[in-house]
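The values are calculated or read from the model by the stated rules, or taken from the named source; none is laboratory data. In this text, all values refer to a predicted model and were calculated from it rather than measured experimentally. In this analysis, Cβ positions are derived from the backbone assuming ideal geometry, glycine residues included, and neighbour counts consider all displayed protein chains. Areas reflect the complete protein model, heavy atoms only, side chains present, ligands, DNA and RNA absent. Shrake-Rupley method; radii C 1.70, N 1.55, O 1.52, S 1.80 Å.
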Amino acid sequence: MTLSPCLQMDHYTDDPVAQGPVYSSTLQLIEVIKKLEYKKNLVSIDHVRTLFKNLQKNQFIIHAGDCAEIFSSPPRHTQVMCELFEKFFEIFNQKCTIIGRIAGQYAKPRSTPTEVINGQTVTSFFGDIINGQNIHDRTPDPYRMLKGYEHSEKVLKDIPFHLNKLKLGDSFFTGHEAYLLPFERAMIRHKNGHDFATSSHFLWVGERTRQIHLGHVKFAASIANPIGIKIGPKADIEEIKSLIRLLNPYQIKGRLSLILRLGQSMIKEQLPKLLKALKNEHVLWICDPMHGNTEKLPNGMKTRYFSKIIEETHAFFDILKAFDLTPNGIHCEASGYDHITECLDETKGIILDHMDHFQSACDPRLNALQMIELVEFCKSSLRL
Ligand code: PEP
Ligand code: CO
């Protein structure tokens, strides 16, 4: 993979990183980091260990939630997400592990550092924990990390009230992209000889920051949590092998998930090549049928066709089975509401002229009905 031309530094280690905010005040940054280092864990290390054990049990794994959570979301948002998680659990007769993209999914890598809005070039929105959606609020502000901590804490407190059959830390866990390294490093806690990230149970490294010698991968290698790494259609097989050696040197099942986001048009060509080379690796195979299927509409809006999401998932199941491998799970961006119209879907009347409910702060999400259909499709494909 080629290195980004604008490398920045990991504030803790001076390792170069492919992406990350540049804060104008190092003093403010250090003040925030120190405060975070003295705060309580957001999630318990025992629960991180439970997730690790769950991931070793061959139960289907469902990651789902917002592309980007925002701090202003009302408490109802947590409630409807939890209702959706409960539905997955019912569909799978309580035999699945759910990892919500919730209570921490606040930082977003971006394809371009700036964007043009109404003719004005502004810094891109990197997620509420870094800068604001309002175009006058795009300067990275380290104090937002403290708000991120508070928001996570609040959502984590609310979640148990909205779960019935699922239990936080038992069958339900949280996960987000390990993008904002000053925050993630400040939340590391040491227990029994290991460093655990305590901002959430599961962390993954994104497609844009998974370069082997750079800071995000080094961070992932340094923690004892179960981790994931996103794999796009251009990923080099030797590079993936090196990542596996580095991130899971003892070949422990459950430690490393390869979250494939190849796209419906590439999966049939790319996945067999990957599996031929990596079939015997001790990794979990997860399908993200969202991120390889993002399209820009003529009006500038982003969307994804639901039919392509289903097709990619279908191909994932078929190809893994042909290689005698178990499909371990899916990773999706989904809203808890039925009325969201972000992913085009003629069968549900979500057509170009009726995308009135695009509310995502970043990528288009499945609405709750589409997500349930996808989960049911997974269940029937597994023939459970
Ligand atoms: C994401 O999961 O929101 C994301 C940015 O994914 P990727 O790294 O696969 O593009
Ligand atoms: Co996304």
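Given the DSSP H assignment, sum -39500 (n - 2.57) over each helix run of at least 4 residues in the chain and divide by its residue total; what's the result at 222 nm in deg cm²/dmol, nearest 500?
The helix-only estimate for the chain comes to -10500 deg cm²/dmol at 222 nm.
May I ask you to derive the FRET efficiency for residue 382 and residue 277 from their Cβ-Cβ distance with R0 = 25 Å, giving the value to the nearest 0.05?
Rounded to the nearest 0.05, the efficiency is 0.50.
Who wins for biggest fluctuation among 102, 319, 227 in a Gaussian network model of the chain, springs between alpha carbons below 10 Å?
319
Rounded to a whole number, what % of the accessible area of the chain do carbon and sulfur atoms account for, probe 1.4 Å?
52 percent
Under 13 Å between alpha carbons, and skipping anything fewer than 8 positions from residue 40 in its own chain: which aspartates and glutamates qualify?
150, 153
I need the shape label for the chain. Rule: rounded when a/c is under 1.5, else prolate if a/b > b/c, else oblate, with a, b, c from the alpha carbon gyration tensor.
It comes out rounded by the Cα gyration axes.
Here is the link list: 273/321; 53/165; 108/191; 154/191. Which ones come out longer than 22 Å on Cα distance?
Violating the 22 Å limit, Cα to Cα: 108/191; 154/191.
Short version: ³J(HN,Hα) in whole Hz for each residue of region 254-268, in order, from phi by Karplus 6.51 cos²θ - 1.76 cosθ + 1.60 (θ = phi - 60°), x for Gly and Pro, what are they?
In residue order, the calculated couplings are x, 5, 10, 9, 9, 9, 7, 10, 8, x, 4, 7, 10, 4, 5 Hz.
When only Cα pairs under 8 Å and 6 or more residues apart are kept, what is the percent relative contact order across the chain?
Once normalised by length, the contact order is 19 percent.
Pop the C-beta distance of residue 250 and residue 354 into the FRET formula with R0 = 56 Å and round what comes out to the nearest 0.05.
0.60
Can you spot the lysines whose alpha carbon is less than 23 Å from residue 348's alpha carbon? Ignore those fewer than 8 places along the same chain.
Straight-line reach from residue 348, under 23 Å: 87, 296, 302, 308, 379.
If r is the Cβ-Cβ distance from residue 117 to residue 346 and R0 is 35 Å, what FRET efficiency results, to the nearest 0.05?
Step by step, r from the Cβ atoms, then E = 0.70.
Give the accessible surface of the chain per residue, rounded to a whole number of Å², with probe radius 1.4 Å and ligands, DNA and RNA excluded.
I get 42 Å² per residue for this part.
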